[in-house]
Every structure is written in structure tokens, then in C-alpha cells.
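J.: Submitted below is the structure of interest, expressed as C-alpha cells.
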Amino acid sequence: MTDITRPENPESRCGFVAIVGRPNVGKSTLLNHILGQKLSITSRKPQTTRHQVLGIKTEGPVQAIYVDTPGMHEDEPRALNRYMNKAATSALIDVDVVVFVVDQLAWTSADEMVLEKLSRVKCPVILAVNKVDKLEKRELLLPHLETLSKKREFAEIIPLSALKETNLEPLESAVGRFLPQSVHFYPDDQITDRSERFMAAEMVREKITRQLGAELPYSVAVEIEEFKHQGKTLHVSALILVEREGQKKIIIGDKGERLRSIGQEARVDMERMFGSKVMLRLWVKVKRGWADSDRALKSLGMSDF
């Protein structure tokens, strides 16, 4: 009987790589720059990522399946927070490599909490010290790396800048060395397991978060109600859910100006990703308490666990 996981090419490697860390350390930016294109949404606001997103990078015989996860946080006051923590923690099950991302010289109680969760992980853990391009005193980096090396036995410690794409090659090379011999699980040209509908919803949510991050709390969700091709045009209808009437007014803006701006920016990203003209329609609806309701989260597709 043939073992389908055993490649004919002994150099062929494939496996899952969890990217974990506390919120806002640059996990999604790291994934996007490894892939060479935008897959995970980003903003300066912590906890922008809510779902596990697979990013697939195939380079010759090596296929690394990266799992971008929501930032692990210490407080779980709402159903949405609990969902995001479950999404992040479950990514550690049955992966072949973990990339633990931290922010330059910072080490917080949230980093310590992530480290504690990693104590139960048996696979290699690579520590990625991100945003080193922003260091004002570079002479502090080496002593800090020495301190971090005593936290646990890391397979590698790699200082890098995801945004500037500095030292990404050593990270990818290290990941590849730790992946098991295996046939590739996905076609070599596939970059994600997520549907186009999911990606469209995330693009709209990113523009909301980027434009209104300081004005709106986290209680915004996007649901795609229509996604269909008619001729050469892709028609997308998206429903933006908020918890209060005041939030609805903020998103719509004066005479609908803010909603139009969100739609225009999201449409440009969609046309770039889907390779076709996009007709995007946005609506805003108040759905009180959705972020506190497990049932509401399931209705929005947040029921992976």
C-alpha cells in the first residue's frame, strides 16, 4: 500500500506553520509580506484579525501553510474575545512549526501568557522579533535577544522587519528546514483556503477599521449577502453590522460620505484581488449585542471551533 504523504521527491516538504503572538505585533503584516500579496487585513488597531487565515507559500519543493491567527489577549469579557482566543489557541494543535512574533524590545504580560501556552507545544518554536527597523538604540537588541533566549529553548531567534521585508529569507529558510517530508497538500498556485466571499468581507472590515479605528469599538462585523458574476462584472452586496444607532451614523458619515469612502477603497482592493470590475453595495444595520452572543457569532461564520 502506497503512503500518499511520502513524496517521490525526497526534498519535497509540506506542513502547517502557526503565526502567534499578542495583538498588534505584526502577525498579519508578516504573512502578507511572506506571500508577496495581501491576504490578511491589517490596521494599527490591535485585534484586527478575528479568524484563522491560511496563507500558502510554495517555493520549489517546499510548501509552507501559514496560519495567521488573532492576537492572544488576557481578557475574555465578550463572546467575540473568547472566539478570537479559541481561534488562536486551536491553531497550535497539530502544527509542524510555530512562529512566535514579539515587538522589538517589548515584553509584556500578554507575551508571557502566549509563552505559557507554547509550553505545551512539542514542535519547533521560532521566535521572530519584529519591527527592529524602528529601534532607536540598536545596541540594545543583542542583550534583549540574549534575555529572550533564556525564556525557553527556541529553535531559532530571528530579528526582522515584516514591513520592510528585512530578514524574511532566514525566517522562511528556518521554517522550511523544520517542515516534514511530505507531498504538497495544495496546488502550487493556491495561496489561501478562504473563499472569495470571506476575502470580500474582510476587505470591507479593514477599510472600516483603518478609517474609523479611533472612533469605533470592535463591535463591527461584515456579512456578504450577494456575491455573483454578471458578465465581466462582479456584484457584491455587504451588510455592515454595528451595535448602536450612533455607530451606524459614524460609519455612514455626513450625507453618506464616509460609507462611500469605505466602499471605494474596498472596491479597489477587490478588483485587484479578483481580477474583474466590481460593483459594491454597502448597507449598515444595527444588531444589538451581536459581539456578546455566541449565536450571533455563529450566524456570521465564527463557529470554527
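J.: Could you sort the peptides 109-120, 193-204 by per-residue average Cβ neighbour count (10 Å cutoff), highest mean leading?
T.: Numbers: 109-120: 14.8, 193-204: 19.7.
Highest-to-lowest ranking by the protection proxy: 193-204, 109-120.
J.: Classify the range 125-264 as rounded, prolate or oblate from the Cα gyration tensor: take a ≥ b ≥ c as the square roots of its eigenvalues, call it rounded if a/c is under 1.5, otherwise prolate when a/b beats b/c and oblate if not.
T.: Details: a/c = 3.01, a/b = 1.59, b/c = 1.89.
Judged from the Cα gyration tensor, the range 125-264 comes out oblate (a/c at least 1.5, b/c at or above a/b).
J.: With unit charges on the beta carbon (Lys/Arg positive, Asp/Glu negative), name the residue among Val114, Gln104, Phe185 whose Cα is farthest towards the positive pole of the charge dipole of the range 103-198.
T.: Going by the Cα projections, it comes out as Val114.
J.: Now, a different point. For the peptides 276-284, 225-233, 262-270, what is the packing order when you average, over each peptide's residues, the other Cβ atoms within 10 Å and list the highest mean first?
T.: Working: 276-284: 15.9, 225-233: 10.4, 262-270: 19.6.
Going by the mean number of other Cβ atoms within 10 Å, highest first, we get 262-270, 276-284, 225-233.
J.: Another question, if that's okay. Which net charge results for the neighbourhood of Leu171, defined as the other residues with beta-carbon distances under 12 angstrom from its beta-carbon, given Lys and Arg at +1 and Asp and Glu at -1? Don't skip to the end; give the middle numbers.
T.: Values: positive: Lys57, Arg177; negative: Glu156, Glu165, Glu169, Glu172.
My count for the surroundings of Leu171 gives -2.
J.: For the pairs Lys207/Lys287; Lys117/Lys150; Lys38/Lys131; Lys38/Lys151; Lys38/Lys255; Lys38/Lys117, flag any whose C-alpha to C-alpha distance is greater than 23 Å. Could you put the intermediate results ahead of the total?
T.: Numbers: Lys207/Lys287 20 Å; Lys117/Lys150 17 Å; Lys38/Lys131 19 Å; Lys38/Lys151 32 Å; Lys38/Lys255 31 Å; Lys38/Lys117 28 Å.
Cα-Cα > 23 Å for Lys38/Lys151; Lys38/Lys255; Lys38/Lys117; rest within.
J.: Can you tell me the FRET efficiency between Glu271 and Lys249 if r is taken as the Cβ-Cβ distance and R0 is 35 Å, rounded to the nearest 0.05?
T.: Details: r = 29 Å, r/R0 = 0.82.
With a Förster radius of 35 Å, E is 0.75.
Throughout, read-outs are computed from the coordinates displayed, never taken from laboratory work. Since the structure is predicted, the reported quantities are computational estimates derived from the model, not experimental observations. Cβ: placed from backbone, ideal geometry, glycine included. Neighbour counts: every protein chain shown.
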